[in-house]
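Beneath this line is the structure, given in structure tokens, with notes to follow.
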Amino acid sequence: MVIKRIKKRLSKIMGRRKARKIAQLPRKKAPSKIKEEVLGMQETKVEGAKYSHPSIMHLKRMMPEELPTQYGKDKIVAQVRDPWWIHVYWEITPQTIEKIKNELKEKFYQAKRVLRVYDISHIIFTGDNAHRFFDIQINEQANNWYIDTAGPGRSWCVDLGLLLPEGKFITLVRSNTVYTPIEGPSWITDEEWMIPEEMFARLYGMGFGLGRSSPVGKAWQERVRRALFSGVLASPGIASMASPVKIPQVRKFWLVVNTELIVYGATEPDAKVSVQGKDISLRPDGTFSLRFALPDGKQVIPVQAKSADGQDQITITPIVTRETK
Amino acid sequence: MQKGYLCLVLHSHLPFVRHPEHEDFLEEDWLYEAITETYIPLILLFERLLNDKVDFRLTMSLTPTLISMLEDFLLQERYLKHINKLIELAHREVERTRWQPEFHHLANMYLGRFYEARSLFERYKRNLVTAFKNFQEAGKIEIITSGATHGYLPLMEVSPASIRAQIKVAVADYERVFGRKPKGIWLPECGYFPGVDKILKEVGLKYFFVDAHGVLHGTPRPKYGVFAPVYCKNSGVACFGRDLESSKQVWSSIDGYPGDYNYREFYRDIGFDLEYEYIKPYIHPDGIRINTGIKYYRITGPTDFKEPYVPQWAQEKAAEHAGNFMFNRQKQIEYLFDFMQKKPIITSPYDAELFGHWWYEGPTWLDYLIRKIVFDQDIIRLITPSEYLDENPRNQVITPSLSSWGWKGYNEMWLQGANDWIYRHLHVASERMTELAQNFKNTDGLLRRALNQALRELLLAQSSDWAFIMGTGTHTAYAIRRTKEHLLRFNRLYEEIKANTIDEVWLSEIEYKDNIFAQIDYRVHQ
């Protein structure tokens, strides 16, 4: 909570209020309302449908014990989220904090905890040769951060450290190097071409590619012979496809009413019974029950039982009418 | 005249969900639904194509987790139980809808399909992997591998040993199942960062796929865009970029085919629609309504008002859409051919589960599409990546860009507020696993079992599915639980191995629960 609040405040300060929250993924009945598609949104939706169990939240499930909050090692790890943002998480052991407290004494309490983000594109970083860097002040409780680098196509390294009042920076831990991808086509247009060695050897043996003819021949003749599916190919228009007709916003309240009819009874267990002319099977005790969806209108339901020896026969015919007003 | 190629790729994946400790486990339904609605319809489709001597090509990934589940005796037994339940329900539905002709024939359709599914399942002696293996051996589909547990590789950049383990375990498992090495790989979630390709090269993989911007934003600029593969600089592994136009037509429920009003509505299932007491035996034992797979309505329109599904209309639409897709590819290829002075390749990858499970008519559409392409025209030729590379070995060399096919195209789906906490644990576990692999080089007996199980637990914790589910924000409890459970098991194994206090009873128990990759060798994690 605290971290969230701080992050929020910070992003306000920095004036970089890029929406980072995941947009509500489309769920039920969304199609007509979505206007623009975010890259990969459909893939996300379809993939999500694989794990579809809408009410699963009601299930009480045992949760295992918690994972350790600390692993006892100073470290900071950076990962790329997209061309602009990187994520860092870190752990500083209480021992390290104690040690630095002892060294800095009073100054420790005046120092700010800071993430120093270095742009180290195309160089071997030695700690003081970065193209530039910027600092993000963080709270003591924070253990991870999303950083807007505003710099696609660059390499980054992040230090977690203390910024002393006089401006001196003490590194506690240094991250791995990450590279944010460029967000458009490359400006570099030099071309390099390659034929893998083993392929080249094969081609060479066949007289430089002439041996493998283009795939014309048998397969095509066979296809022509079998004009199986020709004709089905309709007009190329995509007109019918999901034309999202704009429907005025309807209110959400709704009601559904259905009716079903249960027909049940009993006879001798070895009797033969039919309902509306169709044989049904009896339970071992001679009872039966049938369930029908009941549409509007009149249903005549003759139930006929015949004794096992064929001597006796009884028919009872309920008549049911459903009318909806 | 042939002017280009179409490379259709189906990516099939489900995370490893197997809970022998529970009689009835909700999440296992993911597998059963996919079997009935996707894998079996696809197998039926490929069988029909083979019977009709259609010379088709399709590339398909089967992830190691999915293969493990399809091969698992317990899950096979449970699937049979599941399909028998469905058959029973369909029988009751046939009876219940007797006075509703608009639903009655649908109930009969489902009954027929469920029987068909069961008989196919039994015909392959319950192991559907055999079916796919046969199609590969017949030369029609090329099966590729994926990460062992579908770990999202760009967020393992700091743990290269884990990337290596994800890939090596997957390749070894592929060889066990298919009796040869895989030629290509489906990087989980199309997640690529420069450098992954080097590890692919180490194990002899020849190609992989990225989303369009992975190639388009590569350096230097790719001369032919996504319409020719590129070789990765330094590794020489080929990389095929996804074509966005053809993707959108199938993926999008807004302006793609699956949103057509005649197609079956995914969200209206009798598990939710019917009277509670009646449907109760067929939903979750705790009484929670779930999808049964019996759905009677078509999409109808953009509102909640739905009309009954008419299979005939849907079938006609599928044929029309297949024709439309082919026509668009022809135009695209003709245009590109003139422009490039070279035959373009259109790479169109889809989630396999999109076909049948999400888009019920998907397999029918694919059937029409393949036949039309093979018999009705000669501009497009279906091809697999390895065939393409055999015929077109000279390609440009670039460094593709970090990318995925997930939300927003990079890592954010798996790295956001809801799931970023997992990485501090996963990365430490990776470090620890490497430490174990280095400290224990030659082992046997109990110690070896513990080390192998530690790697299993780590791999299972790394499945991208958990972070994905947390990211979507719905039913996250299971995903959180799985992440924690595997990490906790790993941590305990790590401590016990180091202290030489391995609890054999407990080890046997988790070996039984997480029984994936029987042949795993922990030493690959280096």
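The values are calculated or read from the model by the stated rules, or taken from the named source; none is laboratory data. This structure is a prediction, so every number in the text was calculated from the model and none was measured. Neighbour counts are summed over all protein chains in view; Cβ atoms, including those assigned to glycine, are modelled from backbone coordinates with ideal geometry. Please note that ligands, DNA and RNA were not included when accessible areas were found on the heavy atoms of the full protein model with its side chains. Shrake-Rupley method; radii C 1.70, N 1.55, O 1.52, S 1.80 Å.
Structure notes:
- The modelled label-to-label distance for the pair A:Glu103/A:His131, using points 7 Å beyond Cα in the direction of Cβ, is 3.1 nm.
- In order through the range B:511-522: 3J(HN,Hα) via Karplus (6.51 cos²θ - 1.76 cosθ + 1.60), integer Hz, x for Gly, Pro: 5, 6, 6, 9, 8, 5, 6, 4, 9, 4, 10, 4
- Around the amide H of A:Ile138, modelled in the peptide plane, lie the amide H atoms of A:Arg113, A:Val114, A:Leu115, all under 5 Å away and 5 or more residues distant in sequence or on another chain.
- All other residues whose Cβ lies under 10 angstrom from that of B:Ile346 are scored, Lys and Arg at +1 and Asp and Glu at -1, for a net of 0.
- Karplus-derived 3J(HN,Hα), 6.51/-1.76/1.60, for each residue of the range B:424-431, Hz, glycine and proline x: 5, 7, 4, 5, 5, 4, 4, 4
- Computed over protein heavy atoms with a 1.4 angstrom probe, the accessible surface ordering of B:Asp24, B:Asp338, A:Asp148, largest first, is B:Asp338, B:Asp24, A:Asp148.
- Chain B, dipole about Cα centre (Lys/Arg Cβ +1, Asp/Glu Cβ -1), debye to the nearest 20: 1540
- Close amide-amide hydrogen proximity is noted between A:Val173 and A:Leu160, each under 5 Å apart and 5 or more residues distant or on a separate chain (H modeled in the peptide plane; Pro and chain starts excluded).
- Pairs exceeding 28 Å between alpha-carbon atoms, taken from B:Lys181/B:Lys248; B:Lys248/B:Lys280; B:Lys3/B:Lys183; B:Lys140/B:Lys372; B:Lys233/B:Lys441; B:Lys3/B:Lys248: B:Lys181/B:Lys248; B:Lys248/B:Lys280; B:Lys233/B:Lys441.
- Stokes-Einstein translational diffusion, the range B:344-465 - Kirkwood Rh over all Cα pairs, 1.002 mPa s, 20 °C, in µm²/s: 108
- Exposure ranking of B:Phe517, A:Phe169 by accessible area [1.4 Å probe, largest first]: A:Phe169, B:Phe517
- Exposure of B:Leu49 as accessible area (Å², to 10), given a probe of 1.4 Å and all protein chains: 0
- Protein heavy-atom accessible area occluded, B/A pair - total, 1.4 Å probe, Å²: 11500
- The portion of the accessible surface of the protein assembly as shown made up by carbon and sulfur, rounded to a whole percent, is 53 (1.4 Å probe; DNA, RNA and ligands excluded).
- Here A:Arg154 sits with roughly 70 square angstrom of accessible surface, probe radius 1.4 Å.
- Rounded to 0.05, the FRET efficiency of the A:Lys325 and A:Ser289 pair, given R0 = 30 Å and the Cβ-Cβ distance, is 0.55.
- Percent of alpha-carbon pairs separated by more than 20 Å within the range B:171-230: 32
- For chain B, the share of alpha carbon pairs falling in successive 20 Å distance bins from zero is 21, 55, 23, 1 percent.
- Distance between the 7 Å Cα→Cβ label points at A:Asp309 and A:Glu260: 4.0 nm.
- Shape category assigned to the range B:5-126 from the gyration tensor of Cα positions, a/c cut at 1.5: oblate
- Between the amide H of B:Ile143 and those of B:Met60, distances stay under 5 Å, these residues lying 5 or more places away or on another chain, with hydrogens modeled in the peptide plane.
- When the range A:258-325 is described by a simple charge dipole with +1 on each Lys and Arg Cβ and -1 on each Asp and Glu Cβ, the residue from A:Ser307, A:Gly286, A:Val263 located farthest towards its positive end is A:Val263.
- Estimated FRET transfer efficiency (B:Trp421, A:Glu198; beta-carbon r; R0 56 Å; 0.05): 0.75
- Estimated [θ] at 222 nm from DSSP helical runs (n ≥ 4, -39500 (n - 2.57)) normalised by residues in chain B, nearest 500: -15500 deg cm²/dmol
- Measuring with a 1.4 angstrom probe and ignoring ligands and nucleic acids, A:Tyr118 comes out at about 10 Å² accessible.
- Heavy-atom accessible area with a 1.4 Å probe sorts B:His105, B:His284, largest first, into B:His105, B:His284.
- Computed from backbone phi, the HN-Hα couplings of the range B:278-285 come to 5, 8, 3, x, 10, 10, 5, x Hz, rounded to whole numbers (Karplus: 6.51 cos²θ - 1.76 cosθ + 1.60, θ = phi - 60°; Gly and Pro given as x).
- The alpha carbon radius of gyration of the range B:64-156, expressed as a multiple of 2.2 N^0.38 Å, is 1.47.
- The protein assembly as shown, dipole about Cα centre (Lys/Arg Cβ +1, Asp/Glu Cβ -1), debye to the nearest 20: 2040
- Alpha-carbon centroid distance for the pair the range B:124-156 / the range B:242-288, whole angstrom: 26
- Whole-number D in µm² s⁻¹ for the range B:408-508, Kirkwood Cα-pair radius fed into Stokes-Einstein, 25 °C, 0.890 mPa s: 170
- Separation of alpha-carbon centers, the range B:8-22 and the range B:316-372, rounded to whole Å: 26
- Using C-alpha pairs under 8 Å with a sequence gap of at least 6, the mean separation divided by the residue count of the range B:162-315 gives a relative contact order of 14 percent.
- Each part reduced to its alpha carbon centroid, the range A:275-325 and the range B:40-87 end up 41 Å apart.
- Nitroxide proxy distance, nm - points 7 Å out along Cα→Cβ at A:Glu183 and B:Leu74: 4.8
- Whole-number D in µm²/s for the range B:407-454 (Stokes-Einstein; Kirkwood sum over Cα pairs; 37 °C, 0.692 mPa s): 252
- Within the range A:172-194: backbone nitrogen closer than 18 Å to the A:Ile123 label point (7 Å, Cα to C-beta): A:174-180
- Relative contact order, percent, the range B:447-502 [alpha-carbon distance under 8 Å, six or more residues apart]: 47
- For the protein assembly as shown, projected area of the alpha-carbon convex hull averaged over all directions, nm²: 43.7
- Over the range B:401-526, relative contact order from alpha-carbon pairs under 8 Å, at least 6 apart, %: 33
- Note on B:Lys331: aspartates and glutamates with a C-alpha under 13 Å away, same-chain residues under 8 apart excluded, are B:Glu245, B:Asp378.
- In this structure, the residue pairs whose Cα-Cα separation is over 29 Å, taken from B:Lys133/B:Lys168; A:Lys298/B:Lys81; A:Lys50/B:Lys133; A:Lys252/B:Lys484; B:Lys168/B:Lys513, are A:Lys298/B:Lys81; A:Lys252/B:Lys484.
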